[in-house]
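Data block below; observations after.
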Amino acid sequence: MNEQPQITILVVEDHPMTRAGLELFLDAYPDLRLLRQVSSGEEALEFCEQIQPDVVLMDMKLAGMDGVATTMAIKHRWPRVQVVALSSFQDRDVVERAVQAGAISYLLKTATAHELIYAIRAAHAGRSVLSQEATDALVRSVRKLSGWGDLTEREWEVITLLAEGLTNAQIAERLTVSLATAKFHVGGVLSKLGVSNRAEAVTLFWQHQLVGQTGPLEGHPSQTDHPNVSH
């Protein structure tokens, strides 16, 4: 029997007690594998030079290179690495800067253990999970984006397929168009959304979808079901 592939994780957190708690916590889930814990943004970049994890759990408040700057650097150099921002801040400016830097999810450190696990698995699948504070902040950000209203019906199909993780060739096959046409439509989506790559477009797509929801995410556990993971 083949073993279930593990989601590899890097933790960037400068509080020893929180790091210790996360290590014990993550070790309890067989589909998750903690590669390393580091205490600074600089150490995170050094590690990613050698090994790119699937998901980075990123503390926003770090001495020196902060979480926002580190997230931006990681997403610029390794766009396939997903970053889940963790913070004690409810400041909307921090939320917006984290998401603009490329974080796919934003959770407060008071999030439950189950919520964090859900966010890690969702990030690995290319889906966003946001605290209510983050969602509120993104309502303002998304409303500022004029690009969504400019997308054609075909471009909406393309961004949806990008969010499913399809390649240009797979998009062409799904839409029954040539590869060149698929590439043309992908380029149009990126241009209208004001982003430079597919990962950024997909992040914006999931943020847009989340902001439009009125209830909890499907499969998302209640905040009262489990103890929180803060230490």
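The values are calculated or read from the model by the stated rules, or taken from the named source; none is laboratory data. Predicted, not measured: the structure shown is a model, and the values here were computed from it. Virtual Cβ from ideal backbone geometry, glycine too; neighbours counted across all protein chains shown. Please note that ligands, DNA and RNA were not included when accessible areas were found on the heavy atoms of the full protein model with its side chains. Shrake-Rupley method; radii C 1.70, N 1.55, O 1.52, S 1.80 Å.
Quick look at the numbers
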{"read-out": "Test: residue in segment 192-209 that is of a type in the set (S, T, N, Q), modelled with pLDDT of 80 or more and either in contact with a Gly (Cβ under 6 Å, 6 or more places away or on another chain) or part of a helix (DSSP H, G or I) (or both)", "value": "no"}
{"read-out": "Hits in segment 72-97 (condition: part of a helix (DSSP H, G or I) and either surrounded by fewer than 22 Cβ atoms within 10 Å (Cβ to Cβ) or of a type in the set (Lys, Arg) (or both))", "value": "72, 73, 75, 76, 77, 92, 93, 96, 97"}
{"read-out": "The listed residue being touching a helix residue (DSSP H, G or I) at 6+ places or on another chain (Cβ under 9 Å), modelled with pLDDT under 80 and open to solvent by 30 Å² or more (accessible area, probe 1.4 Å), out of 131, 146", "value": "146"}
{"read-out": "The one condition in (1) closer than 24 Å to residue 204 by Cα; (2) modelled with pLDDT of 90 or more that residue 65 fails to fulfil", "value": "(1)"}
{"read-out": "The one condition in (1) at pLDDT below 95; (2) out of contact with any Gly (no Cβ under 6 Å at 6 or more places or on another chain); (3) open to solvent by 30 Å² or more (accessible area, probe 1.4 Å) that residue 46 fails to fulfil", "value": "(1)"}
{"read-out": "Segment 172-192 residues that are touching a residue at least 40 places away in the same chain (Cβ under 8 Å), paired with ones that are open to solvent by less than 30 Å² (accessible area, probe 1.4 Å) (beta carbon under 8 Å, 6 or more apart)", "value": "192/147; 192/151; 192/155"}
{"read-out": "Condition met for residue 100 (in contact with a Gly (Cβ under 9 Å, 6 or more places away or on another chain) and either more than 18 Å from residue 22 (Cα to Cα) or crowded, with 18+ Cβ neighbours inside 10 Å (or both))", "value": "no"}
{"read-out": "Test: residue in segment 18-34 that is in contact with a Ser or Thr (Cβ under 9 Å, 6 or more places away or on another chain), of a type in the set (A, V, I, L, M) and modelled with pLDDT under 90", "value": "no"}
{"read-out": "Residue that is least open to solvent (accessible area, probe 1.4 Å) [pool: residues in segment 149-173 that are farther than 14 Å from residue 201 by Cβ and part of a helix (DSSP H, G or I)]", "value": "172"}
{"read-out": "Matching residues, segment 82-104, being out of contact with any Phe, Trp or Tyr (no Cβ under 9 Å at 6 or more places or on another chain) and either of a type in the set (S, T, N, Q) or under 12 Å from residue 203 (Cβ atoms) (or both)", "value": "82, 83, 88, 90, 100, 101, 102, 103"}
{"read-out": "Segment 1-14: number of residues that are of a type outside the set (Asp, Glu) and at pLDDT below 90", "value": "4"}
{"read-out": "Residue 69 in contact with a strand residue (DSSP E or B) (Cβ under 9 Å, 6 or more places away or on another chain), open to solvent by less than 90 Å² (accessible area, probe 1.4 Å) and within 25 Å of residue 126 (Cβ to Cβ)", "value": "no"}
{"read-out": "In segment 16-52, the residues that are in a loop (DSSP other than H, G, I, E, B), more than 24 Å from residue 73 (Cα to Cα) and touching a residue at least 12 places away in the same chain (Cβ under 8 Å)", "value": "29, 30, 31"}
